[in-house]
Structure formats: C-alpha cells, structure tokens
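Colleague: The structure that follows is given in the form of structure tokens.
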Amino acid sequence: KNRATDVLSFPLNNIIKNNLYIGDIAISFEIINKKSLISNFNYEFDKIWIHGYLHLVGYDHKKNTDYEKMSKKEKLILNYLSN
C-alpha cells in the first residue's frame, strides 16, 4: 500500500535450526509518537513491536478471522507485559 505505516516486518527467509534470529522489525517513531499523544508512548511502542513480532512468526490480518486471531494474541502478550 502506498501510505505510511507504523511497523514493517522483514522475516528471515533462510530457516536455520536453533537460530534465535527470526528477522527485523522497523518501527516508525513519528507514528507512535503521534498515537501516544492520545495514549501512552510505551504502550503504543509495545503494541507495535508485538504486532511486528507476530508477523515474523507467521500471523497476518488479510482476512477478518486472521485479524481476530492476531488481535487476540497481541492483547494476550500486552496483558502479560503489563502485569
């Protein structure tokens, strides 16, 4: 899509057994900073890197059912981090 985004994930294409490196996540400081004016910067940052991480491990949100699964997993991880 030809528009700014808050996060990009670049998965590692070469699967190496026992490799802990799964890819890169690029986060837009500007977008998170703008969102944090209404919310909280740390919360928005955590929300975005979790979203990027889930893309790296195979989640997507092309279909509504996929979006719901991914959103549920994001919330689960965010709740775990906030406790």
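Colleague: Helix 41-56 against the longest principal axis of the chain: what's the angle in degrees, Cα atoms only, rounded to the nearest 10?
Modeller: 20 degrees
Colleague: Between I31 and F10, how many nm apart are label points set 7 Å from Cα along the C-beta direction?
Modeller: The answer from the label model is 1.6 nm.
Colleague: Okay, next question. Give me the number: length gained by fully extending D60 to L76, i.e. 0.36 nm times residue separation minus the C-alpha to C-alpha distance, one decimal in nm.
Modeller: 4.1 nm
Colleague: Let me ask you something else. Sorted from largest down, what three extents in whole angstroms do the Cα atoms of the chain have along their principal axes?
Modeller: Here the Cα extents, ordered largest to smallest, are 42, 32, 27 Å.
Colleague: Tell me, what % of the accessible area of the chain is carbon and sulfur with a 1.4 angstrom probe?
Modeller: 54 percent
Colleague: How much accessible surface does E30 have with a 1.4 Å probe, in Å² rounded to 10?
Modeller: 130 Å²
Colleague: Lysine pairs in the chain 8 or more apart or on different chains: how many have alpha carbons under 19 angstrom apart?
Modeller: Summing the qualifying lysine pairs gives 16.
Colleague: Karplus couplings for the stretch 23-30 from phi (6.51 cos²θ - 1.76 cosθ + 1.60, θ = phi - 60°), rounded to Hz, Gly and Pro as x?
Modeller: Each residue's phi maps through the Karplus curve to give x, 10, 10, 10, 10, 8, 4, 4 Hz.
Colleague: Just the accessible area per residue of the stretch 1-81, please: how many Å² with a 1.4 Å probe?
Modeller: 81 Å²
The values are calculated or read from the model by the stated rules, or taken from the named source; none is laboratory data. On a predicted model such as this, the values are computed, not experimentally measured, just so you know. Reconstructed Cβ throughout: ideal geometry from the backbone, glycine too, with neighbour counts over all protein chains shown. Areas reflect the complete protein model, heavy atoms only, side chains present, ligands, DNA and RNA absent. Shrake-Rupley method; radii C 1.70, N 1.55, O 1.52, S 1.80 Å.
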